[in-house]
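Student: Structure incoming, see below.
Here, each number is a calculation from the coordinates, and none is a lab measurement. The structure presented is a predicted model; accordingly, all values stated were derived computationally and were not measured. Here the Cβ positions follow ideal geometry from the backbone for every residue, glycine too, while neighbour counts run over all protein chains shown.
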Amino acid sequence: MRVGFGYDAHRLKAGRDCVLCGVKIPCDFGPDGHSDADAPLHALMDAILGALALGDIGKLFPDNDSRWRGADSAVLLKSVYALARDKGYTLGNADITIVLQSPKISSYIEQMRAVVAEALETGIDNISVKATTEEKMGFTGDGSGISATAVVLLKN
Ligand code: MG
């Protein structure tokens, strides 16, 4: 078994789509970035790459490469997971935490779990998505950004 941890953060910007764990949340602002800036999926990809000791998503999908502009992170996640499968690993479980002051995302959590489970070819019981705030402290608290962490267990 191998364990991996991932972290990501993005600025929030007016007019950007708010796509979190592959689910579009109705909101007039969203994470800014070169790809769709889906911070929880970026953290999850880095956790998988970390478990495999294969570097990070910046190495795999450089943000100066036009191929990844506006990229759907759920598609990128599938290609990262293929690297794990190629090495003989399957997902044990994944645990993601999204840190965001607003909007409230609790009603989208089940949909997010389903998207991640589908991308990682596993059951929804193996995918945890949690949401929290930082009580109006720091960059997530003042609404200037979003962060996310993820832990995965891979097994062979
Ligand atoms: Mg990112």
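Student: Using a 10 Å cut-off on Cβ atoms, rank the peptides 135-143, 100-108 from the highest mean neighbour count down. Could the numbers behind the result be given before it?
Tutor: Details: 135-143: 13.3, 100-108: 15.9.
By packing density, highest mean first, the sequence is 100-108, 135-143.
Student: Expressed as a rounded percentage, what relative contact order does the range 2-155 have, with Cα pairs under 8 Å and six or more residues apart? Spell out each step's value before the answer.
Tutor: Numbers: 352 pairs, mean separation 51.2, N = 154.
For the range 2-155, the relative contact order is 33 percent.
Student: Let me ask another. Pairing the Cα long axis of helix 73-86 with the longest principal axis of the chain, what angle in degrees results, from 0 to 90 and rounded to the nearest 10?
Tutor: 20
Student: What's the percent breakdown of Cα-Cα distances in the chain across 5 Å bins, shortest bin first?
Tutor: Final binned percentages: 2, 10, 20, 24, 20, 14, 7, 2, 0.
Student: Something else about it: Nearest 0.05, what FRET efficiency do Lys59 and Val3 give at R0 = 25 Å with Cβ-Cβ as r? Before the final figure, lay out each step's value.
Tutor: On the way: r = 20 Å, r/R0 = 0.79.
Here the calculated transfer efficiency is 0.80.
Student: For each of Cys27, Cys21, count neighbouring Cβ atoms within 10 Å of the residue's Cβ, then give the residues from fewest to most. Mind dumping the intermediate values first?
Tutor: Numbers: Cys27 16, Cys21 28.
Neighbour counts put them in this order, fewest first: Cys27, Cys21.
Student: Could you list, by residue number, the cysteines of the chain that have no other cysteine's beta carbon within less than 4.7 Å of their beta carbon?
Tutor: Unpaired cysteines in the chain: Cys21.
Student: Okay, next question. Using a 7 Å offset from the Cα along the Cα-to-Cβ direction at both Glu110 and Asp86, what is the distance between the two label points in nm, to one decimal?
Tutor: So the label points at Glu110 and Asp86 sit 3.7 nm apart.
Student: May I ask for the angle, rounded to the nearest 10°, between helix 109-119 and the longest principal axis of the chain, with both axes built from Cα atoms and the value confined to 0 to 90°?
Tutor: Here the helix axis deviates by roughly 30 degrees.
Student: By the scheme Lys and Arg +1, Asp and Glu -1, what is the net charge of all other residues having a beta-carbon under 13 Å from that of Asp63? Spell out each step's value before the answer.
Tutor: Details: positive: Lys59, Arg67, Arg69; negative: Asp8, Asp32, Asp36, Asp56, Asp65.
My count for the surroundings of Asp63 gives -2.
Student: Something else: How much length is gained if the chain between Ala14 and Asn156 is pulled fully straight, taking 0.36 nm per residue apart and subtracting their Cα-Cα distance, in nm to one decimal? It would help to have the intermediate numbers written out before the result.
Tutor: On the way: separation 142, 0.36 × 142 = 51.12 nm, distance 4.32 nm.
Extra length available between Ala14 and Asn156 comes to 46.8 nm.
Student: I've got another one for you. DSSP loop trypsin sites (Lys or Arg not before Pro) in the range 1-75 with at most 16 other Cβ atoms within 10 Å of their Cβ, which ones? Show your work: numbers first, answer last.
Tutor: Details: sites: Arg2, Arg11, Lys13, Arg16, Lys24, Lys59, Arg67, Arg69; in loops: Arg16, Arg69.
Those satisfying the criteria are Arg69.
Student: So, R0 is 25 Å and r is the distance between the beta-carbons of Asp72 and Asp142; what FRET efficiency does that work out to, to 0.05? Let's see the in-between values first.
Tutor: On the way: r = 29 Å, r/R0 = 1.15.
The calculated FRET efficiency here is 0.30.
Student: Take a quick pass over the chain and tell me how many lysine pairs come in under 19 angstrom between Cα atoms, counting only ones 8 or more apart or on separate chains.
Tutor: Lysine pairs meeting both conditions in the chain amount to 13.
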